[in-house]
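Quick note: the coordinates plus some simple rules give every number you see, no bench work behind them. It should be emphasised that the depicted structure is a prediction, and the values quoted were computed from it without experimental measurement. Here the Cβ is made from the backbone with ideal geometry for all residues, glycine too, and neighbour counts use every protein chain on show.
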Amino acid sequence: MRLPPGKVPVDVLQSVIFKNLGSKRKEVVLGPHVGIDGAIVEVGNRVMITSMDPITGAMERIGWLAVNVNANDIATFGIRPAFFSSCILLPEHTEEKTIETLCKQMDTAAKKLEIAIIGGHSETTPGITRPVIIGSAVGISEKNRYVTSGGAKAGDTLILTKGVGVEGTAILATDRRKLLKGRFSNAFLRRASDFFRRISVVEDAMVAFERDGVTAMHDPTEGGVAGGIHEIADASSVGVKVFEAKMPILEETLEICKFFKIDPLQLISSGALLIAAKKEFADGVVETLKKSGIGAAIIGEFLREQGKRVLVRKNGKNETLVRPLSDHLWKALKRE
């Protein structure tokens, strides 16, 4: 089987990766699981939450993204990220100025989130053509003072913050600017590039977690909002029904996706946060987020039947919610 670009398919995770996990240790509270982007390990009377993610599809602001994307995974547990490590892989013959730029980007992002960069590794690597940063973030919590993406229950409400395709919009507006300039104004492309400023969901998650009734949180990265919805449903062993008309999609995302002929729901969406909340608390969660300046909308509900994944189109037609084989960012980046 030849693997598609991006995340390894779920069936390969289950049949290969999850069957080769080394020794079992009693300190591991939560290990690898479909739809869960971090691990929980007991350390004395507290727990350590860790995550790891690479940045491979973006060229601009790659250091900024490495910190923020990994920090987001920790925040979805309701925990503030505290520490970050990186492995920086550079093409041969890279100039010193490049690694300086990457490190300054990471420094700026980490300081904004009050994260300490505690170590890592850097090298030039034969065979790669662009920089790759693999990051790992850590947060510390009291025992049982967190949520996971596997806590949603049938009847819970599904909330989405900010909008669909946030990160993908920023990447395409930046890395494919020359191509897009023939179609869109400079002002439009500046607005779309500025979506990078919305990448962090740390405050989204902290604000939501302080409200009663939140049962699960998950940030949709590769595979977009559609993939993220499947992941939170997979982790929680529930079904889901979502409404296209209720999903916030900003004009810049919609127009850029039309240009590249890609599906906004399958476009990498760091910057958005999926929140499951008990039905009676959902309106309060949305209201609290909005009072904090964070856009949020109720987009659906979780169902008892695990295999039922429904997208209600704007015309009222029910379809099976697509499970992305590969993020549509990769399709768009093929266009030169």
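A few remarks follow.
- Database remark: amide H of Val240 closer than 5 angstrom to the amide H of Leu303, Lys308, Arg309, Val310 (H placed geometrically; neighbours at sequence offset of 5 or more, or on other chains; Pro and chain starts carry no H).
- Set of the range 37-68 residues, backbone N closer than 17 Å to the point 7 Å along the Cα-Cβ line of Thr125: 52-60, 62-67
- Principal axis analysis of the Cα atoms in the range 192-266 yields extents of 40, 28, 22 Å, listed in decreasing size.
- Linear extension gain, Arg190 paired with Glu287, 0.36 nm per residue minus alpha-carbon span: 32.0 nm
- Spatially proximal aspartates and glutamates relative to Lys112 (Cα-Cα < 17 Å; intrachain offsets below 8 disregarded): Asp73, Asp194, Glu203, Asp204
- Tail beyond 23 Å, pair distance distribution of the range 157-333 (Cα, percent): 38 percent
- With semi-axes defined as the square roots of five times the eigenvalues of the C-alpha gyration tensor, the equivalent ellipsoid of the range 25-142 measures 28, 15, 12 Å, largest first.
- Calculated FRET value between Arg335 and Val8, using beta carbons and R₀ = 30 Å, to 0.05: 0.75
- The order of Ser86, Ser237, Ser136, going from fewest to most other C-beta atoms within 10 Å of their C-beta, is Ser237, Ser136, Ser86.
- The shape of the chain can be summarised by an equivalent ellipsoid whose semi-axes, obtained from the alpha carbon gyration tensor, come to 28, 26, 20 Å from longest to shortest.
- Gyration tensor (Cα) of the range 32-97, equivalent ellipsoid semi-axes in angstrom: 28, 13, 11
- Only Cα sites of the range 139-227 enter the Debye sum here, all with the same form factor; the resulting log10 I(q)/I(0) across q = 0.10, 0.17 1/Å is -0.38, -0.82, listed in q order.
- Footprinting exposure proxy ranking of Ile294, Ile256, fewest other C-beta atoms within 10 angstrom first, gives Ile294, Ile256.
- The ranking of Arg183, Arg198 from fewest to most other beta carbons within 10 Å of each one's beta carbon is Arg183, Arg198.
- Here the Karplus relation 6.51 cos²θ - 1.76 cosθ + 1.60, evaluated at θ = phi - 60°, turns the backbone of the range 206-220 into coupling constants of 5, 5, 5, 5, 6, 7, 5, x, 6, 10, 6, 9, 7, 9, x Hz, with x for every Gly and Pro.
- Averaged over residues, the count of other Cβ atoms within 10 Å places the peptides 33-40, 21-28, 216-223 in the sequence 216-223, 33-40, 21-28, highest first.
- Packing-based ranking, highest mean first, of 262-270, 312-320, 9-17 given that Cβ atoms within 10 Å are counted: 262-270, 9-17, 312-320
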